[in-house]
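**Q** Please find one structure pasted underneath; my questions will follow.
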Amino acid sequence: MRNSNTNARNAASASTEFPWKWRLTDLDGRPKNGLKVFSCFSCGGGSSMGYKLAGYSVIGNCEIDPDMMRIYRENNHPEHSFLMDIRDFVKLPDEEIPEELRHLDILDGSPPCSVFSMAGNREDGWNVEKTFREGQAKQRLDDLFFYFIDVAKRLQPKVVIAENVKGLLTGNAKGWVNRIVKAFGEAGYTVQMFLLNAAQMGVPQKRERVFFIAHRKDLPYPKLKLDFRSKPIPFSAVREPYGKPIAEDSISAKLLKYRIPSDRNVADISVRIRKKNSGFTTPINHDDEPVQTVTSGGNAYRMCDGLLMTDRDFINCQTFPQDYNFLGENVQYVCGMSVPPVMMAKISEQVYLQWLRE
C-alpha cells in the first residue's frame, strides 16, 4: 500500500493513455488487478467499462430503468444484478445481499443529476417528485445521493466513487454538497472532491464533472492526487467523414448555412441573422478541438459540414467501445447519460496506484 504523498504524486504522473477507440473484446486481453467493483445507477455501463479497462472486475450493478438494464446486461454480463430503485436495494434483507458485495474494493455510482444541471430552472426540481426518463416512474432525484451513501454505509467498501454534474458546485446547490460531505463522514468515510475535465483525460470531449472519492476512515490512505494532462483529442480525429442530414426546411438548416468560424452554438447565428437569442444550448462542434459536452438529448452540430453529429460521432467522443450493442436504444441518450469509460479508467487507475495496490 502506498502511504506517502511522494509515492502518490509519482503514481499520478504515471497515468496510462487508454485508447479512445477500443472494443469490448479487448477487455479479455487486459491485465487484471484482482479488485472488485459494484455499480449503482449503472445506466448503460460507461463507468463499469472504465473500471474494466483499468483492470477491475465489475461484479454487479443496480439500475431502475429496465431498458438500460437490458443493454447493461447485454454488454457487461454482471454476476449480481438488481433491477430496482436504490431505495429498495438498500432495504433488502441480509439474506438477499450476496456475501461478495460485503467485501468490495469500490462502490461506484452516478446518482441522476438532471435537477442540478446548469440548464433550466434547477431549484424548481428540488424536493419534488417528477416523472423522469430513469425508470419511467415518479421519483425525487435530489435525495438519491444520500441513499447511495446509505448503500456504502451498509456494504462498507474500501472506496466509494461518485460522479455528478459541475452545477452541484454552484449557487444554492452548494448546500447539497455540504450535506453530502457530512453524510459521507457519518457513514464512516473521508471524502475528497475533484472537478475534472474529460478533455484532459484522453476523451475527445470537454465534459466537466464533479467526482466525490472517499475511503473508509480505518484505512490509512494518503490524500489522493489527481493531475491529468493528456493532450486534447480534436473532433477531426474521431468524427465520421459525413454528418447526419438535417431537414432542409428546418430553421437550424437555414441558420447553419450562415455559420462562421467564431460560432459556438446555434444562438450565435440566430442573434446575428434573426436577432433572436435562441439555441444557446445547441452546440456547434469544431474540428480543431474536443467536442462540447455530449448530452442525452437535443441536437449537436458539426462546423465542418453544418450537419448533425452521427451515432458513431457520439460513440467515439464518449469513448464507448466500437462493438457496444445498443439493442436499438437511442445512442446519444445512452452515451450522454454515461461516464466516458476512458475518464473512469483514468480515475480508477489512480485509485489503484495510490490507494488499493498492495
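Every read-out reported here was derived from the displayed coordinates using simple, explicitly stated rules and does not represent laboratory data. Everything numeric in this text was worked out from a predicted model, so none of it was measured. Glycine also receives a Cβ, built like all others from the backbone with ideal geometry; neighbour counts cover every protein chain displayed.
**Q** Each residue of the stretch 68-76 in order: what ³J(HN,Hα) in whole Hz does its phi give by Karplus 6.51 cos²θ - 1.76 cosθ + 1.60, θ = phi - 60°, with x for Gly and Pro?
**A** For the stretch 68-76, the Karplus-derived couplings read 5, 5, 4, 7, 4, 5, 4, 9, 10 Hz, x marking Gly and Pro.
**Q** Once the dipole of the chain is set up with Lys and Arg at +1 and Asp and Glu at -1 on Cβ about the Cα centre, which of Ile315, Leu155, Gln192 lies farthest towards its positive end?
**A** Of Ile315, Leu155, Gln192, it is Gln192.
**Q** Sticking with this one: By average Cβ neighbour count within 10 Å, what is the ranking of 226-233, 347-354 from highest down?
**A** Top of the packing list down: 347-354, 226-233.
**Q** Still on this structure, I have one more. Relative contact order for the chain using alpha-carbon pairs under 8 Å, separation at least 6, rounded to a whole percent?
**A** Answer for the chain is 23 percent.
**Q** Subtracting the Cα-Cα distance from 0.36 nm times the residue separation, let me have the gained length for Asn330 to Tyr258 in nm, one decimal.
**A** Full extension from Asn330 to Tyr258 adds 23.0 nm.
**Q** What size of dipole, in debye to the nearest 20, comes out for the stretch 138-226 about its Cα centre when the only charges are +1 on Lys and Arg C-beta atoms and -1 on Asp and Glu C-beta atoms?
**A** 100
**Q** So how far apart, in nm, are the two label points at Leu92 and Arg272 if each is 7 Å from Cα heading toward Cβ?
**A** Here the modelled spin labels are 5.5 nm apart.
**Q** To continue, here is another question. In whole Hz, with x marking every Gly and Pro, tabulate ³J(HN,Hα) for the stretch 246-257 from phi via Karplus 6.51 cos²θ - 1.76 cosθ + 1.60, θ = phi - 60°.
**A** The phi angles translate into 10, 4, 4, 8, 6, 4, 4, 4, 5, 5, 5, 5 Hz.
**Q** Sort 308-318, 324-334, 239-249 for me by packing, meaning the mean count of neighbouring Cβ atoms within 10 Å per residue, highest on top.
**A** Sorting 308-318, 324-334, 239-249 by mean packing, highest first, produces 308-318, 324-334, 239-249.
**Q** Under a plain spin-label model, where a point goes 7 Å from the Cα along Cα-to-Cβ, how far apart in nm are Asp311 and Glu358?
**A** 4.4
**Q** Quick check for me: using +1 on Lys/Arg Cβ and -1 on Asp/Glu Cβ, what's the dipole size of the chain about its Cα centre, in debye to the nearest 20?
**A** My answer is approximately 1280 debye.
**Q** If I model a spin label at Lys231 and Arg216 as a point 7 Å from the Cα along the Cα→Cβ vector, what separation in nanometres do I get?
**A** With each label point 7 Å from Cα toward Cβ, the separation is 4.3 nm.
**Q** In what sequence, highest mean first, do 159-170, 181-192 appear when ranked by Cβ atoms within 10 angstrom?
**A** 159-170, 181-192
**Q** Turning to a different aspect of this structure: Using a cut-off of 12 Å between alpha-carbon atoms, which aspartates and glutamates can reach Lys217, once sequence neighbours fewer than 8 places away in the same chain are excluded?
**A** Glu186
**Q** Here's another thing I want to ask about it. Amide H neighbours of Val203 under 5 Å, at least 5 residues apart or on other chains, H built in the peptide plane: list them.
**A** Distant-sequence amide H within range of Val203: zero hits.
**Q** Calculated FRET efficiency, Leu155 and Cys304, Cβ-Cβ r, R0 41 Å, to nearest 0.05?
**A** Given R0 = 41 Å and the Cβ-Cβ separation, E is 0.30.
**Q** If you average the alpha carbon positions of the stretch 245-305 and of the stretch 49-85, how far apart do those two centres end up, in angstrom?
**A** About 35 Å separates the Cα centre of the stretch 245-305 from the one of the stretch 49-85.
**Q** Another one. In debye, nearest 20: dipole of the stretch 208-358 around its Cα centre with unit charges on the Cβ of K, R (+) and D, E (-)?
**A** With Lys and Arg at +1 and Asp and Glu at -1, about 600 debye.
**Q** Convex hull volume of the Cα atoms in the stretch 14-55, per residue, in Å³?
**A** Convex hull volume per residue, Cα atoms: 95 Å³.
**Q** For the stretch 343-358, take each phi angle, set θ = phi - 60°, evaluate the Karplus expression 6.51 cos²θ - 1.76 cosθ + 1.60, and give the result in whole Hz per residue in order, putting x for glycine and proline.
**A** 4, 5, 4, 4, 5, 5, 4, 5, 4, 5, 5, 8, 10, 9, 6, 7
**Q** Which residues in the stretch 35-50 have a backbone N closer than 16 Å to a point placed 7 Å from the Cα of Phe194 along the Cα-to-Cβ line?
**A** Within reach of a label on Phe194: 47-48, 50.
**Q** Over 23 Å between Cα atoms, which of Lys52/Lys244; Lys36/Lys166; Lys21/Lys257; Lys225/Lys346; Lys153/Lys182 qualify?
**A** Table pairs above 23 Å Cα-Cα are Lys52/Lys244; Lys36/Lys166; Lys21/Lys257.
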